[in-house]
Amino acid sequence: ATAQIGVTGLAVMGSNLARNFARHGHTVALHNRTYAKTEALVGEHGHEGDFVPAESAEDFVAALQKPRRIVIMVKAGDPTDAVIDEFAALLEPGDVIIDGGNAHFADTRRREKALREKGIHFVGAGISGGEEGALNGPAIMPGGSEESYKALGPLLESIAAKAEDGNPCCVHVGPDGAGHFVKMVHNGIEYADMQLIAEAYDLLRNVAGFAPARIAETFRGWNAGRLDSYLIEITAEVLAHTDAATGRPFVDVVADEAEQKGTGRWTVQTALDLGTPVSGIAEAVFARSVSGHRDLREAARELPGPRRAALPDDEAAAFAARVEEALYASKVVSYAQGWNMISAASAEYGWDIDLGAMAAIWRGGCIIRAAFLDRIRSAFAADPALPTLLADKGFAEEVGRAQDAWRSVVTTAVAHGVPTPGFSAALAYYDALRAERLPAALTQGQRDFFGAHTYRRADREGSFHTRWSGERDEERTA
Ligand code: 6PG
């Protein structure tokens with residue numbers, strides 16, 4: 001046996017990962033359900049490194065050095081279970097199976113437990129960066145046992161993206177499903193970022209009256225500042241692109257119905273179970289869903305709106321600057337929410353996730369890579385127990401400075417009838433956290449009135465109920 005690692009499932013992501021391993025000097029065993037794909041990969045890219053193509057699962061396993069390390073890159077769900085079952089039967093205790101797909105962390109926990117009983121390590125690894133990242137350096141988020149990371153870490157770190165300080169964008173996240181969990185939250189944050197950028201675009205287009213090419217320029221400018229990130233960069237590219245068939249801006253010929261494969265939805269579903277508010281991500285998922293409801297949109301098309309003209313040119317530039325502030329402040333909120341969710345899951349599942357390390361590995365390779373993440377890393381370095389990013393001195397000051405612009409942008413959006421659920425929800429969250437008193441007290445009163453659900457008092461310990469239908473006297477219930 002000569003191969004240090006094997007990859008099964010040679011669609012684009014699998015092929016690119018295999019090539020990435022080979023280009024870093026590892027001998028890579030290759031396997032695919034249909035052998036033709038394996039042959040095609042070797043035919044086209046065999047010169048890039050040492051590959052061992054295997055026709056059968058048995059040959060593939062026999063080609064691997066022990067402990068055997070097999071990366072599975074197949075469709076999430078049943079196909080993953082089928083491949084795991086096939087290989088588990090051929091492996092020995094100490095071997096490692098890595099699922100590099102976007103699996104649900106609950107599936108990963110179940111699979112890890114089942115394989116652990118056979119002595120086989122199962123590692124759910126989040127891999128971000130799309131096809132290009134898989135080939136040239138993704139961000140990698142492996143879960144699973146400490147022991148599995150000893151066998152796997154150096155290999156994964158060798159192919160991962162490198163952050164600006166030279167550190168690999170790969171870290172052992174925590175046991176069982178921790179890796180796939182943080183990848184899911186990464187994708188949720190990705191949805192939120194994309195929604196906030198989309199709202200900024202909509203405002204620049206319909207309130208500032210900018211054409212797509214000018215908005216592309218505006219985003220390019222923002223990309224040179226604190227918003228410097230992959231998503232802002234590609235936004236400028238997309239907006240500057242012209243449709244060849246019609247000569248119109250590309251963004252005007254694409255159907256305005258956003259699709260999703262489901263990781264953002266999983267994030268929100270999971271956040272509801274954990275009781276962690278991720279309103280930025282939720283609004284982003286719902287915004288995609290609203291866009292896809294052609295029927296509802298048709299039925300509502302004639303509803304009246306404010307019909308305001310775009311801002312005059314001399315006001316538009318100042319407005320655009322305020323949109324940058326609103327975008328930045330909203331982004332801080334959605335990352336704060338995402339990190340709270342990771343922290344809550346870490347406590348719930350006993351994962352002991354290093355919150356600063358997540359920011360560190362997302363600085364490169366992944367879809368949400370951004371200069372900004374280094375700020376989050378330092379915030380947790382300064383205070384590992386930071387309750388919310390909004391409490392970090394640096395972020396608090398910046399958001400504080402942005403708040404007037406942020407409020408003004410949301411107000412203008414409402415006045416012009418431009419939907420900004422992301423900006424608005426982020427601002428509402430900010431205001432809710434900083435409020436001295438929340439109307440939740442009234443909610444508690446109502447619950448006690450109609451259901452005797454009891455309430456706690458702000459001024460003394462215990463649970464209380466008021467006899468609403470009687471004398472309205474108060475009793476202590478606990
Ligand atoms: C990544 C991406 C990747 C996937 C997106 C697309 O980190 O490389 O997140 O996993 O392409 O999640 O998701 P939607 O189809 O749901 O937008």
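For the chain, the longest principal axis of the Cα atoms and the long axis of helix 178-206 meet at an angle of about 50 degrees. Here each label is just a point 7 Å from Cα along the line to Cβ, and for GLU131 and ASP256 those points are 2.9 nm apart.
Taking only DSSP H segments of four or more residues, each worth -39500 (n - 2.57), what value at 222 nm results for the chain once the sum is divided by all its residues, to the nearest 500 deg cm²/dmol?
My calculation for the chain gives -18000 deg cm²/dmol from helical runs alone.
Computed on protein heavy atoms with a 1.4 Å probe, the accessible areas place MET73, MET341, MET13 in the order MET13, MET73, MET341, largest first. When Rg and the Kirkwood radius Rh are both evaluated on Cα atoms of the range 49-191, their ratio Rg/Rh stands at 0.95. Counting only C-alpha contacts under 8 Å and six or more residues apart, can you give the relative contact order of the chain as a whole percent? Relative contact order comes out at 12 percent.
One decimal place: the segment GLU436-ALA344 gains 30.7 nm when fully extended, by the rule 0.36 nm per residue minus the C-alpha distance. Each other residue within a Cβ distance under 11 Å of THR454 adds +1 if Lys or Arg and -1 if Asp or Glu, for a net charge of +1.
For the range 163-265, the solvent-accessible area with a 1.4 angstrom probe is 42 square angstrom per residue. Once you reduce the range 23-79 and the range 135-203 to the center of their Cα atoms, the two points are 23 Å from each other. Of all DSSP beta bridges confined to the chain, the antiparallel ones make up roughly 40%. Shown for the chain: the carbon plus sulfur share of the solvent-accessible area, taken with all protein chains present and a 1.4 angstrom probe, equals 52%. Projecting the Cα atoms of PRO154, GLY124, LEU91 onto the charge dipole of the range 89-222 (Cβ charges, centred on the Cα centre) puts GLY124 farthest toward the positive pole. In plain terms, the chain from THR477 to GLU48 could stretch by 147.2 nm, reckoned as 0.36 nm per residue minus the Cα-Cα distance. For the chain, a crude dipole built from +1 on the beta carbon of Lys and Arg and -1 on the beta carbon of Asp and Glu, taken about the Cα centre, is about 560 debye to the nearest 20.
Return one whole number: the accessible area per residue of the range 88-138 in Å², for a 1.4 Å probe.
That works out to 38 Å² per residue.
For the range 220-338, build the charge dipole from Cβ charges (+1 Lys, Arg; -1 Asp, Glu) around the Cα centre, then report which of ALA300, PHE319, PHE250 sits farthest towards its positive end. Towards the positive end, the residue furthest out is ALA300. Volume per residue for the chain equals 199 cubic angstrom (convex hull of Cα atoms).
If you take all other residues with their beta carbon under 13 Å from the beta carbon of GLY14, and give Lys and Arg +1 and Asp and Glu -1, the sum is +2.
Heavy-atom accessible surface of ARG110, to the nearest 10 Å², is about 120 Å², with a 1.4 Å probe and all protein chains retained.
Summing Lys and Arg as +1 and Asp and Glu as -1 over all other residues whose Cβ lies under 14 Å from the Cβ of ARG294 gives a net charge of -2. Highest-first packing order for the peptide set 235-248, 205-218, 317-330 is 317-330, 205-218, 235-248, based on the mean count of other beta carbon atoms within 10 Å. Using a probe of 1.4 Å, the accessible surface attributed to HIS293 totals some 80 Å² when neighbouring protein chains are kept in position.
When nucleic acids and ligands are ignored and a 1.4 Å probe is applied, HIS180 ends up with an accessible area of around 0 Å².
According to the square roots a ≥ b ≥ c of the eigenvalues of the Cα gyration tensor, what is the shape class of the range 320-377, taking rounded for a/c under 1.5, prolate for a/b larger than b/c otherwise, and oblate for the remainder? Don't skip to the answer; put the middle values down first.
Numbers: a/c = 3.27, a/b = 1.73, b/c = 1.89.
Since a/c reaches 1.5 but b/c is at least a/b, the shape of the range 320-377 is classed as oblate.
When the pairs LYS37/LYS66; LYS75/LYS118; LYS150/LYS183 are compared against a 29 Å limit on Cα-Cα distance, every pair falls at or below it.
The values are calculated or read from the model by the stated rules, or taken from the named source; none is laboratory data. All values derive from a computational prediction rather than experimental measurement. Cβ: placed from backbone, ideal geometry, glycine included. Neighbour counts: every protein chain shown. When the accessible area is computed, the model is the full protein with side chains, heavy atoms only, and any ligands, DNA or RNA have been set aside. Shrake-Rupley method; radii C 1.70, N 1.55, O 1.52, S 1.80 Å.
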